[in-house]
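Colleague: Sharing a structure below in structure tokens format, with a few things to ask.
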Amino acid sequence: QGEGGGCVDPDGAGPLILGDGQFREPWGVAAAANGEIFVADTWNGRIQVFDRDGKFLRKWGFFNTTNGELGDANALFGPRGIQIARDGNLLVADTGNKRILIYTPTGELVTQIGGGGVVAGKFDEPTALTVDPSDGAIFVADAWNRRIQKFGADLQFQAEWPVPGWESKEIFHKPFIAAAGNGDVYVSDPQFARIFVYNKAGGIKASFGKPGAENGNMALPNGLAIDNQASVLLVADSDNNRVMAFPLVP
């Protein structure tokens with residue numbers, strides 16, 4: 001705030017949330033094999049890229065709507081979940097525009113799918129996605145359709161799994177999703193403070209969590225990540241201001 005704040009906008013005068021390397025409610029982060037870090041700068045409608053030390057490298061995108069249709073690959077409306085695909089390209093859940101995009105690491109469009117709808121391959125509030133490390137399959141949290149959609153690495157539709165939750169459309173009730181090395185898929189349900197575990201066939205094999213601040217309980221669990229080497233699920237327990245680690249379900 002002001003001249004004494006010590007913050008300098010790297011690309012000139014103006015709001016400090018808009019400069020290169022600055023954010024407006026970033027929801028998603030992904031790290032590439034070469035150490036580059038990709039950030040979904042959600043309400044600036046863009047993707048920003050940094051080196052492993054946090055130095056700004058590049059960006060693409062601007063805040064705009066496609067009215068729930070496929071369109072300009074640089075018009076992003078509240079992008080949230082991002083993941084690195086097995087071929088090194090970047091997957092982006094463009095939540096407000098109801099689509100999934102694949103970019104090269106430098107921001108060129110490879111392909112996009114979706115648009116608003118309830119049929120297979122369409123989305124309503126796609127908040128997050130994950131890549132199965134075993135075969136490259138892509139899972140999308142299609143939140144307001146209350147389902148997970150499964151696609152091949154080429155984004156060809158394969159299956160959909162219903163979710164017994166995801167009832168809320170409140171702005172912070174955004175589910176996230178993460179795939180384990182054995183093919184299980186972990187899904188957060190922020191509204192009811194729980195995690196669902198799906199097997200490779202799409203059946204629910206376990207669920208855990210309940211509202212609260214005690215260890216093991218949760219308050220608005222959003223982001224998920226899996227450390228397959230350590231066999232641990234990491235949960236961003238956002239309203240408890242902490243990250244929790246759980247062993248993966250056998």
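Colleague: When the convex hull of the Cα atoms of the range 160-220 is projected onto a plane and the area is averaged over all directions, what value comes out in nm²?
Modeller: Details: hull surface 18.0 nm².
Approximately 4.5 nm², given one-decimal rounding.
Colleague: Karplus couplings for the range 121-132 from phi (6.51 cos²θ - 1.76 cosθ + 1.60, θ = phi - 60°), rounded to Hz, Gly and Pro as x?
Modeller: Using θ = phi - 60°, the values come out as x, 9, 9, 9, 6, x, 9, 7, 8, 8, 10, 5 Hz.
Colleague: Another question about this same structure. In terms of modelled amide H atoms, which long-range or inter-chain residues lie less than 5 Å from the amide H of residue 174?
Modeller: Those qualifying (amide H under 5 Å, at least 5 residues apart or on another chain) number zero.
Colleague: May I pose another question? If I compute solvent accessible area with a 1.4 Å probe over the protein chains, what percent of it on the chain is carbon and sulfur?
Modeller: 53 percent
Colleague: What whole-number distance in Å separates the alpha-carbon centres of the range 87-141 and the range 171-200?
Modeller: 17 Å
Colleague: Compute the distance in nm between two label points, each set 7 Å from the Cα along the Cα-to-Cβ direction, one at residue 118 and one at residue 228.
Modeller: So the two model labels end up 3.6 nm from each other.
Colleague: Now, a different point. Kindly state, to the nearest 0.05, the FRET efficiency for residue 62 paired with residue 158, given R0 = 30 Å and r defined as their beta-carbon distance.
Modeller: That gives a FRET efficiency of 0.40.
Colleague: Report the full-extension gain for the segment residue 244 to residue 219: residue separation times 0.36 nm, less the Cα-Cα distance, to one decimal in nm.
Modeller: So the chain would gain 7.9 nm between residue 244 and residue 219.
Colleague: Tell me the per residue accessible area of the range 22-130 using a 1.4 Å probe; a whole number in Å² is fine.
Modeller: Value for the range 22-130: 40 Å² per residue.
Colleague: Describe numerically, in nm with one decimal, the distance between label points set 7 Å from Cα along Cα→Cβ at residue 52 and at residue 20.
Modeller: 2.2 nm
Colleague: Related question: Among the lysines, which fall within straight-line cross-link reach of residue 59, defined as a Cα-Cα distance under 26 Å, with same-chain neighbours fewer than 8 residues apart omitted?
Modeller: 98, 174
Colleague: Rounded to the nearest 5, what % of the DSSP beta bridges within the chain are antiparallel ones?
Modeller: Of those bridges, close to 95 percent are antiparallel.
Colleague: Report the equivalent ellipsoid semi-axes for the range 4-135 in whole Å, largest first, defined as the square roots of five times the eigenvalues of the gyration tensor built from alpha carbon atoms.
Modeller: Taking √(5λ) for each Cα gyration eigenvalue gives 26, 18, 11 Å.
Colleague: Provide the net charge surrounding residue 209, with neighbours chosen by a C-beta distance below 14 Å and charges set as Lys +1, Arg +1, Asp -1, Glu -1.
Modeller: Spelling it out: positives minus negatives among the neighbours equals -1.
Colleague: Taking H as built 1.01 Å from N, whose amide H comes closer than 5 Å to the amide H of residue 206, not counting residues under 5 places away?
Modeller: Answer set, sorted by chain and number: 197.
Colleague: Along the range 149-157, what does the Karplus equation 6.51 cos²θ - 1.76 cosθ + 1.60 (θ = phi - 60°) give for ³J(HN,Hα), rounded to whole Hz, x for Gly and Pro?
Modeller: Residue by residue, the range 149-157 yields 10, 10, 10, x, 4, 8, 6, 7, 4 Hz.
Colleague: Considering only the range 183-238, what is the antiparallel percent among its DSSP beta bridges, to the nearest 5? Please list the in-between numbers first.
Modeller: Details: 14 of 15 bridges.
Antiparallel: roughly 95 percent of the beta bridges in the range 183-238.
Colleague: Here's something else I'd like to know. Under the rule a/c < 1.5 gives rounded, and otherwise a/b versus b/c splits prolate from oblate, where does the range 147-250 land using the Cα gyration tensor?
Modeller: oblate
Colleague: Across the range 160-170, in residue order, what do the Karplus-derived ³J(HN,Hα) couplings come to in whole Hz, using 6.51 cos²θ - 1.76 cosθ + 1.60 with θ = phi - 60° and x for Gly and Pro?
Modeller: 9, 10, x, 10, x, x, 6, 7, 7, 10, 5
Colleague: A follow-up question, please. Distance in nm between label sites at residue 168 and residue 210, each 7 Å beyond Cα in the beta-carbon direction?
Modeller: Rounded to a tenth, the inter-label distance reads 1.8 nm.
Colleague: Then there is this: Thinking of the range 98-166 as a set of Cα atoms, what percent of all their pairs are more than 20 Å apart?
Modeller: Summing the P(r) of the range 98-166 above 20 Å gives 24 percent of all pairs.
The values are calculated or read from the model by the stated rules, or taken from the named source; none is laboratory data. All figures in this text were calculated on a predicted structure; none of them were measured in a lab. Neighbour counts are summed over all protein chains in view; Cβ atoms, including those assigned to glycine, are modelled from backbone coordinates with ideal geometry. Just the protein is used for accessible areas: all its heavy atoms, side chains included, with ligands, DNA and RNA removed. Shrake-Rupley method; radii C 1.70, N 1.55, O 1.52, S 1.80 Å.
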